[in-house]
Structure formats: C-alpha cells, structure tokens
Amino acid sequence: RAAVAEASVDQGPYDVAVVGGGMIGAAAALGLARQGRRVLLLEPRRPEVRRGLFGWELRTVALSPASRRLLEELGVWAGLPRAPYRRMEVWEERGTQAMIFDAAEVDRDELGWIVENGPATLALWDALAQRPEVTIAAAPVTGVAPGPEAATVALGDASVTAGLVVAADGAASPVREGLGVSLQTFDVGHMAVATAARFARAHEATAYQRFLIDGPLALLPGRDPRVCSVIWSQSPERARQRLALDAGDFAAALTRATQGRLGDVEAVDARVDFPLSQQLAASFAPHPRVLLVGDAARVLHPLAGQGANLGLEDVRDLLAVLDQAGGGDPGAPGLWRAFDRQRTARARFMVGVMGALRRVYAQGDPVSQLLRNLGVRWLDRAAPVKRQIMQEAMGLGPVGRGLAGAR
C-alpha cells in the first residue's frame, strides 16, 4: 500500500515527483505507478467530497470518451458516480437558430459524462493507496531546482530528488512561478456563478448552453433526471447582483435566462462564484526534468467544458512518452520535445477557439447577428463538418488523439 508521510519524507531518489494531488496530478501519479515507477505525490490536503442540497457536488466536470478511456485504463472509471449526456443544444439570446449535437450522429451512445470533481479525485487517491510504488506526502513544496542528473524539490527545511518533476499544482502554480516560466494571460472579463437546480421537466440526458448578452450559461445534466449543474458566466457586476438575490428570485432569473427550456426552476442549491481567466504557459516542458500539466500549463474559459479533458490528455501523452522510453531516465535530454510541441500547439488552438467564440457572440449589431444565425444554420446542416467537430470535442479526432494516438 502507498506510504503516507505527514512530515518527514524519504529523500529518494524517486523516478517522478508529482506536485499537486487534484484530479490531474493524482491521475498522473497513478499512471506512473502502474508503469512500475517510484512516485512521490506532494499534496497538502486529502480530497474532500462536499455534496449539496441534491446530493451532488457543485464542482463538476464534463468528461469526454477519451478521458473515460484513460480512467478505465487506470482502473477507477467503473466506480465513479456519473451522469451521461447524449445531446447538446446550443442557442443564443439574440439568435433564431439553434445547433443540436447528438451522439447518434457520431455512432455513439453518449457525448460525455458529468462527473463530480471530489468523488473522482478521491477514487484516484483510493487507487493510489493500493500502490506500493507511491509515497503521498503533505510536505509543502518551497522550490524546484532541476539539474543535469536529477531535480531537487525543496520541502521546507528538507529536500528530495527525482528524475522528473510533474507540476500539476494549479493555475497559480508555485512550481511554474518559481522556475520563472512566462505566462500569457487573456482578459475574459467574466466571473462564474455555479450552483445546481431542480427543474420542472426532466433534462433527458441533454446539456444546454445559451449565449446570453453578458456571457454563456450552461446546464449540465445530473444523475437526478430533473437536476442540472449550472455554470453561469457573466460580468462581475451582474454576478454580484445575482449572488445577492434570494433563492426564489435567483430561480426566477435562471428560468428566464434558460427560456424555460426545462420549465420553471423549482429549487436551487447554494451558489458559489469564481473569477474566470484564460492563460497559457510559454512551455509545457520548461526543463528536461520539469513538466507542466493541467491548469499549471493552461487555463480555458469553461464555456466548452474542456479544461479537465485537456489535463487528462496531458497525462495520457506523458504516460505514452514514458511507455515508449521503457525504463530509461524520465528526464533524458530531448525526451519531452515532441510532448512540449504537441501540447503547446493544442493549448494555443483551444485558447484561440475560446477567444474567438467569445468575440463572435459578443457582437450585438444586426449584421453580426444575421451572419451568426446563417453560420449556425449552415453548420447544423453540414454533417461532415459537424461530425468532425464532435469527434475532436470528444478527444477522438486526429488532433485530440495527440502523441498517444500516434503509437
């Protein structure tokens, strides 16, 4: 079983030190352990599950078929509580056309699954606890110094050595900052209000996204047929106003914003807010012995629900590189060049797409509205193009398959 160290940690050397034990870091640590590598996972807190009014966490992620495949390979998918979605309907406040994505169009039963963040991360930790190759430590990381033979990770007054450091320590990544990796940021101008809501009608395994004048609103189906997770992106001013509403008034506002697609909102859970940003690190491999993955490498606007999927793509490609390298040095010169190039290109593409979508739907003049509606109508009827978009969104297209797909 995995060793858990609260204060002192064996100095190593470890094959890989993973900094950050959220979903992406835990998945990386588990995959590395399953390859037989000695792994140190550094995370100050064990994951928690905080379910709300409807027995569902407010923190949810939409996982693609490609992400499911990785979690199946890691042995954790079967036990995850999840809600499938088979259709997605997208429309806008000022539009006359809607776009429908249906799993049947790509010969699948589901487009993806809504999964609670806490239970998914906890399942990965439970699997890690069964791996003798893994040490989990709550020691704080105060610095990383990569060298020609190994990287030294400072843990307060102590230190450990590892052949490779994988930084999965979030959008404000101390590892990235400590190494001086430059970060490109993109102004979003939005905050998100997240909650869960019970509607009068069943969601029928359909996800909804409406582009409102002040930002996109998403309804993600839950396990309860009438409960959806809600992610409402909007200006900080409007977010503060809506957070100040009582539950009844907020429910009424949500009913109006969704045009009553699922009938009246009958009840809402607690509401939380968080600022939104898009950012991209200059490199996913700033040193042969340091990789950035997940939000440490790139952060996307949640309107496409791709953040967790891209982080799991990072893990999949990381494992593919090391699988091909066999039992060799995980920080060997040149080993991560293709990974860095491919992951950076994928991230730049996705950041560009998210920015373009926001700009397109922010245009309120009549000509822009007409062009959008014509474009949506054309795309909804252009089956080959639409099918390719869906394949890429599910991580099954040639771009999404990445390095692992090249094997």
Of Ala253, Ala247, the only residue that is closer than 22 Å to Ala98 by Cα and of a type in the set (Gly, Ala, Ser) is Ala253
Within the stretch 283-298, how many residues turn out to be open to solvent by 20 Å² or more (accessible area, probe 1.4 Å) and within 16 Å of the chain's Cα centre (by Cα)?
-> 1
Do we have Ala162 as under 20 Å from Pro288 (Cβ atoms) and among the aliphatic types (A, V, I, L, M) here?
-> yes
Just checking, how many residues over the stretch 164-185 are in a strand (DSSP E or B) and of a type outside the set (Ser, Thr, Tyr)?
-> 6
Taking into account only those residues within the stretch 320-337 that are open to solvent by 20 Å² or more (accessible area, probe 1.4 Å) and part of a helix (DSSP H, G or I), which is nearest to Arg68 (Cα to Cα)?
-> Asp323
How many residues does the stretch 117-161 hold that are small (Gly, Ala, Ser) and open to solvent by 40 Å² or more (accessible area, probe 1.4 Å)?
-> 4
Any pair with Cβ under 7 angstrom, 6 or more apart, that starts in the stretch 73-85 at a residue that is in contact (Cβ under 8 Å) with a residue 60 or more places away in the chain and ends at one that is open to solvent by less than 30 Å² (accessible area, probe 1.4 Å) and in a helix (DSSP H, G or I) = Pro81/Pro119
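So that you can scan it fast, the table gives a plain yes or no per residue for (1) among the aromatic types (Phe, Trp, Tyr); (2) open to solvent by 10 Å² or more (accessible area, probe 1.4 Å); (3) in a helix (DSSP H, G or I):
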residue	(1), (2), (3)
Gly12	no, yes, no
Gly25	no, no, yes
Leu32	no, no, yes
Arg37	no, yes, no
Arg46	no, yes, no
Arg68	no, yes, yes
Leu71	no, no, yes
Ala78	no, yes, yes
List pairs: first in the stretch 138-151 and within 19 Å of Asp10 (Cα to Cα), second crowded, with 16+ Cβ neighbours inside 10 Å and among the basic types (Lys, Arg), Cβ under 6 Å, 6+ apart or cross-chain?
-> Pro146/Arg289; Ala151/Arg289
Residues Leu219, Leu183: which one is closer than 30 Å to Ala26 by Cβ and open to solvent by 10 Å² or more (accessible area, probe 1.4 Å)?
-> Leu183
Residue list for the stretch 238-250, restricted to those being surrounded by 15 or more Cβ atoms within 10 Å (Cβ to Cβ), in contact (Cβ under 8 Å) with a residue 12 or more places away in the chain and of a type outside the set (Gly, Ala, Ser) | Arg238, Arg242, Phe250
Every residue from the stretch 48-66 that is within 17 Å of Leu310 (Cα to Cα) and not in a loop (DSSP other than H, G, I, E, B) = Thr60, Val61, Ala62, Leu63, Pro65, Ala66
Could you run through the stretch 44-75 and say how many residues are farther than 28 Å from Arg226 by Cβ and either modelled with pLDDT of 95 or more or of a type in the set (Phe, Trp, Tyr) (or both)?
-> 6
What pairs can you find where one residue is in the stretch 251-274 and of a type in the set (D, E, K, R), the other is surrounded by 18 or more Cβ atoms within 10 Å (Cβ to Cβ) and assigned to a strand (DSSP E or B), and their Cβ atoms are less than 6 Å apart, with a gap of 6+ or different chains?
-> Arg261/Tyr208; Glu266/Arg198; Asp269/Thr195; Asp269/Ala196; Arg271/Val193; Arg271/Thr195; Asp273/Met191; Asp273/Val193
Given the structure, is Ser235 hydroxyl-bearing (Ser, Thr, Tyr) and open to solvent by 30 Å² or more (accessible area, probe 1.4 Å)?
-> yes
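The values are calculated or read from the model by the stated rules, or taken from the named source; none is laboratory data. Please read all numbers here as calculations on a predicted model, not as lab measurements. Glycine gets a Cβ as well: all are built from the backbone with ideal geometry, and neighbour counts include every protein chain shown. The area values use the complete protein model at the heavy-atom level, side chains included, leaving out ligands, DNA and RNA. Shrake-Rupley method; radii C 1.70, N 1.55, O 1.52, S 1.80 Å.
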